[in-house]
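Engineer: Before I ask anything, here is the structure I am working with.
The values are calculated or read from the model by the stated rules, or taken from the named source; none is laboratory data. Keep in mind it's a predicted model, so treat the numbers as computed, not measured. Virtual Cβ from ideal backbone geometry, glycine too; neighbours counted across all protein chains shown. Remember, those area values only see protein heavy atoms, side chains included, never the ligands or the DNA or RNA. Shrake-Rupley method; radii C 1.70, N 1.55, O 1.52, S 1.80 Å.
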Amino acid sequence: MKAVAFIHDVPPQRVVFASGALARVADEAARLKIERALVVATPGSGARLGRKVSELLGARAAGLHAQAVMHVPKAVAEAGLAAAREKRADGLFAVGGGSAIGLAKAIALETGLPILAIPTTYSGSEATPIIGMTDGERKITGRDVKVVPRTVIYDPDLTLGLPAAISAASGMNAIAHCVEALWVDSRTPVTVALATEAMRRFAQNLPVVVADGANVAARGDCLVGAWLAGTVLSAGTALHHKLAHILGGLGLPHAETHAIMLPHVMRFNLEAAPEAKARLQDALGSGDPAAAVAAMLKKFPIPQRLRDVGFDAARADFVAGEIAAASITAPRSATASDVRDLLAAAY
């Protein structure tokens, strides 16, 4: 029997984790030598937090760009880049969930500006070198160390107002990172260990957070899980994330799509991934991990089927063709027919 072989390559990142850590933003900006920070956020509640961050930054704030939207459409990325150049920004503060962090990454990809991320959901984008944008109906993803936030400030207090539906959906998104990290060919002992621990934290705490959003301890555990789950994405992705990205290109909401598809992909893949199955059985306390995740999903106030998030069943052949062209083999091959069956089951 051969010894295990792997390459572990994770970009460096500073993490500041504490209730009340938001107060440290100016100090962290100074540490990164950022003098003109463009604060990137979504409209609405994201903009309100963005204004607070701008106030805390004081003279180091160059402006607020609260125009981030899901999937980072090409035009939104271009507008963000123009804003950074107009404000002569020398750094980016991404405030909010995956949409804000994604837009900051798109700007950093073109400019090389350092990012400081202040996540308020559990998507985990702040911990990855993955960049995603949409152009028409296609979501284009890539990897570049330039887009990894140099510093992440995790403040559980900022998640206390997160609605149950968003908590549930973004938590399921992070759980998907954990699950897939356990069966990708490029996994390492470190990423497997982190994914297992993150899964354990989410299994215990995400239902608590959805039921009681004011539980600071559970919120903190979910943020730790989000950090670990995002970190393991550096090891790569497979069928589940490819499906989510293709469906996202068709306009489906990212986190909710992850949540809907995950139990179906788990049923398809876990029999071919005994090590992943054993770890998930232990973390979830269930002999049937796919059923346990499906049961968790049913208790959450989020869409349960692809039809609920606007998927056009007539596009199943397009999605199946895209997956087949990707030649995914870990932990098993997925044919176009397999993908059509998965989509039908999720629909």
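Engineer: If you build the Cα gyration tensor of the range 1-122 and take the root of 5 times each eigenvalue, what three semi-axes come out, in whole angstrom, biggest first? Present the calculation step by step, with values, prior to reporting the outcome.
Structural biologist: Details: eigenvalues 136, 67, 44 Å².
They are 26, 18, 15 Å, listed largest first.
Engineer: Could you work out the pair-distance distribution P(r) of the range 193-347 from its alpha-carbon pairs, with 5 angstrom bin width and percents rounded to whole numbers?
Structural biologist: Going out from 0 Å in 5 Å bins, the range 193-347 shows 1, 9, 17, 21, 21, 16, 10, 3, 1, 0 percent.
Engineer: Per-residue HN-Hα couplings for the range 299-311, Karplus 6.51 cos²θ - 1.76 cosθ + 1.60 at θ = phi - 60°, whole Hz, x for Gly and Pro?
Structural biologist: So the J values, rounded to whole Hz, are 7, 9, x, 9, x, 10, 9, 4, 5, 6, 10, x, 5.
Engineer: Under 17 Å between alpha carbons, and skipping anything fewer than 8 positions from Lys242 in its own chain: which lysines qualify?
Structural biologist: Lys139
Engineer: If the cut-off is 15 Å between C-alpha atoms, which aspartates and glutamates fall inside it for Lys87, apart from same-chain ones fewer than 8 positions away?
Structural biologist: Straight-distance partners of Lys87: Glu35, Glu78.
Engineer: Here's another thing I want to ask about it. Beyond 18 Å, how much of the Cα-Cα pair distribution for the range 164-233 remains, as a whole percent? Walk me through the numbers before you get to the answer.
Structural biologist: Working: 757 of 2415 pairs.
It works out to 31 percent of all Cα pairs.
Engineer: Taking H as built 1.01 Å from N, whose amide H comes closer than 5 Å to the amide H of Tyr154, not counting residues under 5 places away?
Structural biologist: Val16, Phe17, Ala18
Engineer: Taking the Cα centroid of the range 186-215 and of the range 255-299, what is the distance between the two, rounded to the nearest whole Å?
Structural biologist: The distance from the Cα centre of the range 186-215 to that of the range 255-299 comes to 13 Å.
Engineer: With only alpha-carbon atoms counted, please give the Rg and Dmax of the range 64-130, in Å.
Structural biologist: Gyration radius and largest Cα-Cα distance of the range 64-130: 10.7, 31 Å.
Engineer: Does the range 66-176 come out rounded, prolate or oblate, given a ≥ b ≥ c as the square roots of the eigenvalues of its C-alpha gyration tensor, rounded meaning a/c under 1.5 and, failing that, prolate meaning a/b above b/c? Don't skip to the answer; put the middle values down first.
Structural biologist: Details: a/c = 1.70, a/b = 1.35, b/c = 1.26.
Taking the square roots of the gyration eigenvalues as a ≥ b ≥ c, the range 66-176 is prolate.
Engineer: Springs between alpha-carbon atoms under 10 Å, Gaussian network over the chain: tell me which of Ile175, Ile118, Ile166 tops the mean-square fluctuations.
Structural biologist: Highest fluctuation of the listed residues: Ile166.
Engineer: Further, regarding this structure: Grab every C-alpha pair in the range 1-41, bin the distances at 5 angstrom width from 0 up to the longest one, and report whole percents.
Structural biologist: Over the range 1-41, the share of Cα pairs per 5 Å bin runs 5, 13, 16, 20, 13, 7, 7, 6, 5, 5, 3, 0 percent.
Engineer: So what is the accessible area of the range 189-347 per residue, in Å², with the probe set to 1.4 Å? Intermediate values should be presented prior to the final figure.
Structural biologist: Details: 6060 Å² over 159 residues.
With the other protein chains kept in place, the range 189-347 gives 38 Å² per residue.
Engineer: On a 21 Å Cα-Cα criterion, which of the cross-link pairs Lys52/Lys146; Lys52/Lys74; Lys33/Lys105; Lys74/Lys146 come out too long? Please list the in-between numbers first.
Structural biologist: Numbers: Lys52/Lys146 26 Å; Lys52/Lys74 28 Å; Lys33/Lys105 19 Å; Lys74/Lys146 19 Å.
Listed pairs above 21 Å: Lys52/Lys146; Lys52/Lys74.
Engineer: Quote the relative contact order of the chain in percent (integer), defining contacts as alpha-carbon pairs under 8 Å separated by 6+ residues.
Structural biologist: Numbers: 691 pairs, mean separation 52.8, N = 347.
For the chain, the relative contact order is 15 percent.
Engineer: Ignoring ligands, DNA and RNA, what percent of the 1.4 Å accessible area of the chain is carbon and sulfur?
Structural biologist: On the way: 7270 of 13960 Å².
The value for the chain is 52 percent carbon and sulfur by accessible area.
Engineer: Top mean-square fluctuation among Pro274, Pro263, Pro149, Gaussian network model of the chain, C-alpha springs under 10 Å?
Structural biologist: Looking only at Pro274, Pro263, Pro149, the biggest GNM fluctuation is shown by Pro274.
Engineer: Please work out the FRET efficiency for the pair Ala278 and Lys74, using the Cβ-Cβ distance as r and a Förster radius of 56 Å; give the result to the nearest 0.05. Don't skip to the answer; put the middle values down first.
Structural biologist: Working: r = 43 Å, r/R0 = 0.76.
Once the sixth-power term is evaluated, E becomes 0.85.
Engineer: Turning to a different aspect of this structure: Take every Cα-Cα pair in the range 197-245 and report what % of them are more than 15 Å apart.
Structural biologist: Numbers: 599 of 1176 pairs.
So the pairs more than 15 Å apart make up 51 percent of the total in the range 197-245.
Engineer: Only Cα pairs within less than 10 Å get springs; with that Gaussian network setup on the chain, which residue of Leu158, Leu38, Leu233 has the largest fluctuation?
Structural biologist: Leu158
Engineer: Quick one: angle between helix 216-232 and the longest Cα principal axis of the chain, in degrees between 0 and 90, rounded to 10, please.
Structural biologist: 70 degrees
Engineer: Under the 0.36 nm per residue contour assumption, what length would be gained going from the current alpha-carbon distance of Lys298 and Phe17 to full extension? Please report the intermediate quantities before stating the final value.
Structural biologist: On the way: separation 281, 0.36 × 281 = 101.16 nm, distance 3.11 nm.
Taking 0.36 nm per residue and subtracting the Cα distance, the gain is 98.0 nm.
Engineer: Among 277-284, 309-316, how do they line up by average Cβ neighbours within 10 Å per residue, starting with the highest?
Structural biologist: Working: 277-284: 19.9, 309-316: 14.2.
Per-residue Cβ counts within 10 Å, averaged per peptide and sorted highest first, yield 277-284, 309-316.
Engineer: Moving on. What ranking, highest mean first, results for peptides 97-109, 187-199, 64-76 when packing means the other Cβ atoms within 10 Å averaged over each residue?
Structural biologist: Details: 97-109: 27.4, 187-199: 21.0, 64-76: 19.3.
Ranked from most to least packed, the peptides come out as 97-109, 187-199, 64-76.
Engineer: A further question on this structure: Hey, can you rank 50-60, 127-137 by average C-beta count inside 10 Å, highest first? If you can, show how the numbers build up before the last one.
Structural biologist: Numbers: 50-60: 17.3, 127-137: 19.0.
Ranking, from highest mean packing down: 127-137, 50-60.
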